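One structure below.
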Amino acid sequence: MNNLNTNTVEQSNIYSFLKTTQRVRVSDGKEISIFNGTSSANYILLLVLPQLGDFDSLEYAWWLNKYQDILNEKRIALRAIAIGNLKSGEKYCQYTGFNPENLFLDETAEIHQQLNLYQGLNWQFPTFNCGQNQWLNLILMCAGIGSKGTLKEVLRGYFGDKKAPSLLQENEIVNIKFLPPIKGSLFNKVGKNYQRPFELATIRLKNMIEVLTNWRTYVPNDNYLTQRGGTFLFNNQGKIIYQHRDEGILGFAENKSNPLAFLP
(Lines give C-alpha, C1' and ligand atoms only; values in the text may rest on other atoms or scores of the structure.)
Protein backbone atom coordinates (compact mmCIF):
# COMPACT_ATOMS: atom_id res chain seq x y z
CA MET A 1 0.00 0.00 0.00
CA ASN A 2 1.16 3.52 -0.72
CA ASN A 3 1.60 5.36 2.57
CA LEU A 4 2.13 8.82 1.13
CA ASN A 5 0.84 11.43 3.56
CA THR A 6 -2.31 13.30 2.52
CA ASN A 7 -0.66 16.71 2.64
CA THR A 8 2.12 15.70 0.24
CA VAL A 9 -0.24 14.88 -2.63
CA GLU A 10 -0.25 18.26 -4.32
CA GLN A 11 -2.29 19.10 -7.39
CA SER A 12 0.65 18.68 -9.74
CA ASN A 13 1.56 15.29 -8.27
CA ILE A 14 -1.82 13.54 -8.28
CA TYR A 15 -1.17 11.55 -11.46
CA SER A 16 2.30 10.44 -10.32
CA PHE A 17 0.88 9.39 -6.96
CA LEU A 18 -1.96 7.40 -8.52
CA LYS A 19 0.29 5.79 -11.12
CA THR A 20 2.35 4.18 -8.36
CA THR A 21 -0.65 3.26 -6.21
CA GLN A 22 -1.72 -0.37 -5.96
CA ARG A 23 -5.02 -1.74 -4.72
CA VAL A 24 -6.98 -5.00 -4.86
CA ARG A 25 -8.81 -5.54 -8.16
CA VAL A 26 -12.29 -7.02 -7.87
CA SER A 27 -12.02 -9.31 -10.92
CA ASP A 28 -9.22 -11.47 -9.52
CA GLY A 29 -8.40 -10.26 -5.99
CA LYS A 30 -4.88 -9.24 -7.04
CA GLU A 31 -3.19 -6.12 -5.71
CA ILE A 32 -1.89 -4.29 -8.78
CA SER A 33 -1.46 -0.76 -10.12
CA ILE A 34 -4.82 0.96 -10.52
CA PHE A 35 -3.62 2.34 -13.86
CA ASN A 36 -2.61 -1.09 -15.15
CA GLY A 37 -3.63 -1.50 -18.81
CA THR A 38 -4.19 2.19 -19.52
CA SER A 39 -1.00 3.00 -21.47
CA SER A 40 -2.71 3.03 -24.89
CA ALA A 41 -5.72 5.10 -23.80
CA ASN A 42 -6.30 8.68 -24.89
CA TYR A 43 -7.66 9.55 -21.47
CA ILE A 44 -7.99 7.98 -18.03
CA LEU A 45 -11.21 8.60 -16.13
CA LEU A 46 -10.72 7.82 -12.45
CA LEU A 47 -13.64 7.71 -10.06
CA VAL A 48 -12.84 7.72 -6.37
CA LEU A 49 -16.13 6.43 -5.00
CA PRO A 50 -17.44 6.40 -1.44
CA GLN A 51 -18.91 3.19 0.02
CA LEU A 52 -20.16 0.85 -2.69
CA GLY A 53 -23.61 0.97 -1.10
CA ASP A 54 -23.70 4.76 -1.27
CA PHE A 55 -26.33 6.50 -3.43
CA ASP A 56 -23.55 8.22 -5.39
CA SER A 57 -21.66 5.03 -6.25
CA LEU A 58 -24.77 3.30 -7.59
CA GLU A 59 -26.08 6.29 -9.51
CA TYR A 60 -22.69 7.01 -11.07
CA ALA A 61 -22.55 3.44 -12.41
CA TRP A 62 -25.98 3.91 -13.98
CA TRP A 63 -24.76 6.94 -15.95
CA LEU A 64 -21.56 5.20 -16.99
CA ASN A 65 -23.60 2.39 -18.53
CA LYS A 66 -25.43 5.01 -20.61
CA TYR A 67 -22.11 6.45 -21.81
CA GLN A 68 -20.24 3.19 -22.43
CA ASP A 69 -20.18 3.63 -26.23
CA ILE A 70 -18.74 7.13 -25.90
CA LEU A 71 -16.05 5.92 -23.50
CA ASN A 72 -15.07 3.22 -26.00
CA GLU A 73 -15.20 5.52 -29.01
CA LYS A 74 -12.94 8.14 -27.40
CA ARG A 75 -10.65 5.50 -25.89
CA ILE A 76 -11.24 6.63 -22.33
CA ALA A 77 -9.92 4.07 -19.86
CA LEU A 78 -12.25 3.86 -16.86
CA ARG A 79 -10.96 3.04 -13.40
CA ALA A 80 -12.70 3.29 -10.04
CA ILE A 81 -11.55 2.99 -6.43
CA ALA A 82 -14.21 2.45 -3.79
CA ILE A 83 -14.50 1.73 -0.10
CA GLY A 84 -15.33 -1.93 0.40
CA ASN A 85 -14.06 -5.49 0.24
CA LEU A 86 -14.16 -8.22 -2.40
CA LYS A 87 -17.68 -9.32 -1.50
CA SER A 88 -19.06 -5.78 -1.73
CA GLY A 89 -17.16 -5.19 -4.97
CA GLU A 90 -18.51 -8.36 -6.54
CA LYS A 91 -22.06 -7.54 -5.44
CA TYR A 92 -21.76 -4.00 -6.79
CA CYS A 93 -20.56 -5.20 -10.19
CA GLN A 94 -23.26 -7.85 -10.35
CA TYR A 95 -26.01 -5.31 -9.64
CA THR A 96 -24.75 -2.33 -11.67
CA GLY A 97 -22.96 -4.08 -14.53
CA PHE A 98 -19.72 -2.27 -13.72
CA ASN A 99 -16.70 -4.14 -15.12
CA PRO A 100 -14.90 -5.83 -12.17
CA GLU A 101 -11.59 -5.45 -14.01
CA ASN A 102 -11.92 -1.69 -13.62
CA LEU A 103 -12.91 -1.61 -9.95
CA PHE A 104 -10.35 -1.43 -7.15
CA LEU A 105 -10.89 -1.49 -3.40
CA ASP A 106 -9.66 0.67 -0.54
CA GLU A 107 -11.12 -0.73 2.68
CA THR A 108 -9.96 2.13 4.90
CA ALA A 109 -10.52 5.11 2.56
CA GLU A 110 -6.77 5.78 2.60
CA ILE A 111 -6.67 7.14 -0.95
CA HIS A 112 -9.66 9.38 -0.24
CA GLN A 113 -7.74 10.91 2.64
CA GLN A 114 -4.51 11.19 0.67
CA LEU A 115 -6.36 13.06 -2.07
CA ASN A 116 -7.92 15.27 0.60
CA LEU A 117 -11.48 14.43 -0.41
CA TYR A 118 -14.30 15.62 1.81
CA GLN A 119 -14.75 13.27 4.77
CA GLY A 120 -18.28 14.45 5.37
CA LEU A 121 -19.82 15.68 8.58
CA ASN A 122 -17.64 14.56 11.48
CA TRP A 123 -19.38 15.59 14.68
CA GLN A 124 -18.44 13.52 17.70
CA PHE A 125 -21.21 12.65 20.15
CA PRO A 126 -20.47 11.60 23.75
CA THR A 127 -20.79 7.87 24.52
CA PHE A 128 -21.10 7.03 20.80
CA ASN A 129 -18.51 4.78 19.15
CA CYS A 130 -17.06 5.53 15.71
CA GLY A 131 -19.71 3.61 13.78
CA GLN A 132 -22.57 5.18 15.72
CA ASN A 133 -21.14 8.66 15.17
CA GLN A 134 -20.92 7.91 11.45
CA TRP A 135 -24.57 6.84 11.34
CA LEU A 136 -25.80 9.98 13.06
CA ASN A 137 -23.62 12.19 10.89
CA LEU A 138 -24.92 10.39 7.81
CA ILE A 139 -28.52 11.02 8.83
CA LEU A 140 -27.75 14.70 9.36
CA MET A 141 -26.08 14.89 5.95
CA CYS A 142 -29.15 13.33 4.32
CA ALA A 143 -31.06 16.22 5.88
CA GLY A 144 -28.68 18.66 4.19
CA ILE A 145 -26.45 19.44 7.18
CA GLY A 146 -22.79 19.51 6.16
CA SER A 147 -23.84 18.18 2.75
CA LYS A 148 -23.98 20.89 0.10
CA GLY A 149 -26.81 20.60 -2.41
CA THR A 150 -28.26 17.33 -1.10
CA LEU A 151 -31.79 18.51 -0.38
CA LYS A 152 -32.00 20.31 -3.72
CA GLU A 153 -30.85 17.18 -5.50
CA VAL A 154 -33.36 14.99 -3.64
CA LEU A 155 -36.16 17.33 -4.70
CA ARG A 156 -34.92 17.29 -8.31
CA GLY A 157 -35.46 13.54 -8.27
CA TYR A 158 -39.11 14.02 -7.37
CA PHE A 159 -40.01 17.13 -9.36
CA GLY A 160 -38.03 16.39 -12.51
CA ASP A 161 -35.53 18.42 -14.51
CA LYS A 162 -36.30 20.11 -17.84
CA LYS A 163 -32.55 20.43 -18.51
CA ALA A 164 -31.91 16.69 -18.21
CA PRO A 165 -32.70 13.93 -20.73
CA SER A 166 -35.30 11.23 -20.16
CA LEU A 167 -33.77 8.51 -18.02
CA LEU A 168 -36.01 5.57 -18.92
CA GLN A 169 -37.00 4.38 -22.37
CA GLU A 170 -40.69 3.77 -23.04
CA ASN A 171 -40.32 -0.02 -23.11
CA GLU A 172 -37.80 -0.15 -20.28
CA ILE A 173 -38.92 -2.01 -17.17
CA VAL A 174 -37.77 -1.06 -13.69
CA ASN A 175 -38.01 -4.00 -11.31
CA ILE A 176 -38.01 -2.95 -7.67
CA LYS A 177 -38.18 -5.49 -4.87
CA PHE A 178 -41.59 -5.70 -3.19
CA LEU A 179 -43.22 -3.56 -5.91
CA PRO A 180 -44.89 -4.37 -9.27
CA PRO A 181 -42.77 -3.71 -12.41
CA ILE A 182 -42.72 -0.07 -13.52
CA LYS A 183 -42.66 0.61 -17.27
CA GLY A 184 -40.84 3.67 -18.63
CA SER A 185 -43.90 4.75 -20.59
CA LEU A 186 -45.70 5.40 -17.29
CA PHE A 187 -43.77 8.67 -16.95
CA ASN A 188 -45.08 9.89 -20.33
CA LYS A 189 -48.25 10.88 -18.53
CA VAL A 190 -46.43 14.00 -17.31
CA GLY A 191 -44.26 14.68 -20.36
CA LYS A 192 -41.61 13.48 -22.79
CA ASN A 193 -38.00 14.19 -23.76
CA TYR A 194 -36.84 15.40 -20.36
CA GLN A 195 -36.31 13.98 -16.88
CA ARG A 196 -39.89 13.57 -15.72
CA PRO A 197 -41.15 13.90 -12.13
CA PHE A 198 -40.39 10.79 -10.03
CA GLU A 199 -38.28 9.27 -12.82
CA LEU A 200 -34.95 9.71 -11.01
CA ALA A 201 -36.60 9.07 -7.64
CA THR A 202 -37.72 5.67 -8.96
CA ILE A 203 -34.16 4.72 -9.90
CA ARG A 204 -32.95 5.88 -6.48
CA LEU A 205 -35.66 3.88 -4.73
CA LYS A 206 -34.55 0.76 -6.57
CA ASN A 207 -30.93 1.37 -5.51
CA MET A 208 -31.92 2.07 -1.91
CA ILE A 209 -33.93 -1.14 -1.54
CA GLU A 210 -31.12 -3.14 -3.15
CA VAL A 211 -28.60 -1.81 -0.64
CA LEU A 212 -30.82 -2.02 2.44
CA THR A 213 -31.65 -5.66 1.72
CA ASN A 214 -27.93 -6.45 1.32
CA TRP A 215 -26.51 -3.84 3.69
CA ARG A 216 -23.61 -5.68 5.29
CA THR A 217 -22.45 -6.95 1.92
CA TYR A 218 -22.33 -3.48 0.36
CA VAL A 219 -21.09 -1.74 3.52
CA PRO A 220 -18.81 -4.07 5.52
CA ASN A 221 -17.56 -1.24 7.75
CA ASP A 222 -19.68 1.63 9.09
CA ASN A 223 -16.67 3.78 9.93
CA TYR A 224 -16.59 5.49 6.53
CA LEU A 225 -20.27 6.17 5.85
CA THR A 226 -19.86 9.92 5.40
CA GLN A 227 -16.71 9.85 3.25
CA ARG A 228 -17.26 11.51 -0.13
CA GLY A 229 -15.51 10.85 -3.42
CA GLY A 230 -14.20 12.62 -6.48
CA THR A 231 -13.73 12.44 -10.25
CA PHE A 232 -10.42 12.93 -12.09
CA LEU A 233 -9.90 12.95 -15.87
CA PHE A 234 -6.32 12.75 -17.18
CA ASN A 235 -5.01 13.04 -20.73
CA ASN A 236 -2.35 10.63 -22.03
CA GLN A 237 0.37 12.95 -20.73
CA GLY A 238 -0.86 12.61 -17.16
CA LYS A 239 -2.28 16.12 -16.97
CA ILE A 240 -5.55 16.66 -15.12
CA ILE A 241 -8.03 18.17 -17.57
CA TYR A 242 -11.04 17.88 -15.26
CA GLN A 243 -11.70 17.18 -11.62
CA HIS A 244 -14.66 17.33 -9.29
CA ARG A 245 -14.60 16.83 -5.53
CA ASP A 246 -17.90 15.83 -3.97
CA GLU A 247 -19.22 18.22 -1.31
CA GLY A 248 -22.16 16.17 -0.11
CA ILE A 249 -24.44 13.19 -0.63
CA LEU A 250 -25.69 13.02 -4.25
CA GLY A 251 -22.94 15.49 -5.11
CA PHE A 252 -20.90 13.18 -7.35
CA ALA A 253 -21.42 15.40 -10.40
CA GLU A 254 -20.86 19.08 -11.06
CA ASN A 255 -23.57 19.03 -13.72
CA LYS A 256 -26.44 17.18 -12.05
CA SER A 257 -28.55 17.18 -15.23
CA ASN A 258 -25.80 15.49 -17.24
CA PRO A 259 -23.10 14.08 -14.91
CA LEU A 260 -20.73 13.09 -17.73
CA ALA A 261 -21.01 16.31 -19.72
CA PHE A 262 -17.33 17.02 -18.95
CA LEU A 263 -16.08 14.18 -21.16
CA PRO A 264 -13.97 15.36 -24.12
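Under the condition of being open to solvent by 20 Å² or more (accessible area, probe 1.4 Å) and more than 30 Å from Leu138 (Cβ to Cβ), the residues counted in region 28-37 number 6. Within region 38-50, the set of residues being in a strand (DSSP E or B) and either open to solvent by 20 Å² or more (accessible area, probe 1.4 Å) or over 21 Å from Gln243 (Cβ atoms) (or both) comprises just one member, Tyr43.
State which residue is farthest from Leu250 (Cα to Cα) when the search covers only region 123-139 and only residues that are part of a helix (DSSP H, G or I) and open to solvent by less than 80 Å² (accessible area, probe 1.4 Å).
By that ranking, first place goes to Cys130.
Can you tell which of Asn99, Asn2 is at pLDDT 95 or above and either within 30 Å of Asn258 (Cβ to Cβ) or open to solvent by less than 50 Å² (accessible area, probe 1.4 Å) (or both)? The unique qualifying residue is Asn99.
What's the number of the condition Ser39 fails, among (1) at pLDDT 95 or above; (2) under 26 Å from Trp63 (Cα atoms)? It is condition (1) that Ser39 fails. Go through the residues of region 246-264 one by one and say whether even a single one is touching a Leu at 6+ places or on another chain (Cβ under 6 Å), in contact (Cβ under 8 Å) with a residue 40 or more places away in the chain and either open to solvent by less than 30 Å² (accessible area, probe 1.4 Å) or not polar (S, T, N, Q) (or both). Scanning region 246-264, I find no residue that is touching a Leu at 6+ places or on another chain (Cβ under 6 Å), in contact (Cβ under 8 Å) with a residue 40 or more places away in the chain and either open to solvent by less than 30 Å² (accessible area, probe 1.4 Å) or not polar (S, T, N, Q) (or both), so the answer is no. Here Glu107 fulfils each of the conditions (1) of a type in the set (Asp, Glu); (2) assigned to a loop (DSSP other than H, G, I, E, B); (3) more than 17 Å from the chain's Cα centre (by Cα) apart from (3).
Considering region 51-84, the residues that are open to solvent by less than 20 Å² (accessible area, probe 1.4 Å) and of a type in the set (S, T, N, Q) include one that is nearest to the chain's Cα centre (by Cα), namely Ser57. Applying a threshold of 8 Å to beta carbon distances and a minimum spacing of six or more residues, or different chains, the list of pairs starting in region 184-210 at a residue that is on the phi > 0 side of the Ramachandran plot and ending at one that is outside any helix (DSSP H, G or I) reads Gly191/Gly160; Asn193/Pro165; Asn193/Ser166; Phe198/Gly160. Against the list (1) of a type outside the set (Ser, Thr, Tyr); (2) open to solvent by less than 50 Å² (accessible area, probe 1.4 Å); (3) free of Cβ contacts under 8 Å to residues at least 40 places away in the same chain, the condition Val219 fails is (3).
Please determine, by comparing only the residues of region 147-168 that are hydroxyl-bearing (Ser, Thr, Tyr) and within 18 Å of the chain's Cα centre (by Cα), which one is surrounded by the fewest Cβ atoms within 10 Å (Cβ to Cβ).
Filtering region 147-168 for residues that are hydroxyl-bearing (Ser, Thr, Tyr) and within 18 Å of the chain's Cα centre (by Cα), the one surrounded by the fewest Cβ atoms within 10 Å (Cβ to Cβ) comes out as Thr150.
Residue under question is Lys87, and the condition is that it be at pLDDT below 95 and open to solvent by 60 Å² or more (accessible area, probe 1.4 Å); does it hold?
Numbers: at pLDDT below 95: no; open to solvent by 60 Å² or more (accessible area, probe 1.4 Å): yes.
In short, no.
Does Tyr118 satisfy the condition of being part of a helix (DSSP H, G or I) and at pLDDT 95 or above? Judged against the criteria, Tyr118 is not a match. Could you please let me know if Phe159 is on the phi < 0 side of the Ramachandran plot, in contact with a Pro (Cβ under 6 Å, 6 or more places away or on another chain) and without any contact (Cβ under 8 Å) to a residue 60 or more places away in the chain? Spelling it out, Phe159 is indeed on the phi < 0 side of the Ramachandran plot, in contact with a Pro (Cβ under 6 Å, 6 or more places away or on another chain) and without any contact (Cβ under 8 Å) to a residue 60 or more places away in the chain.
The values are calculated or read from the model by the stated rules, or taken from the named source; none is laboratory data. The shown structure was predicted, so the numbers you read here are calculated from the model rather than taken from an experiment. Virtual Cβ from ideal backbone geometry, glycine too; neighbours counted across all protein chains shown. SASA here: full protein model, heavy atoms, side chains in, ligands and nucleic acids out. Shrake-Rupley method; radii C 1.70, N 1.55, O 1.52, S 1.80 Å.
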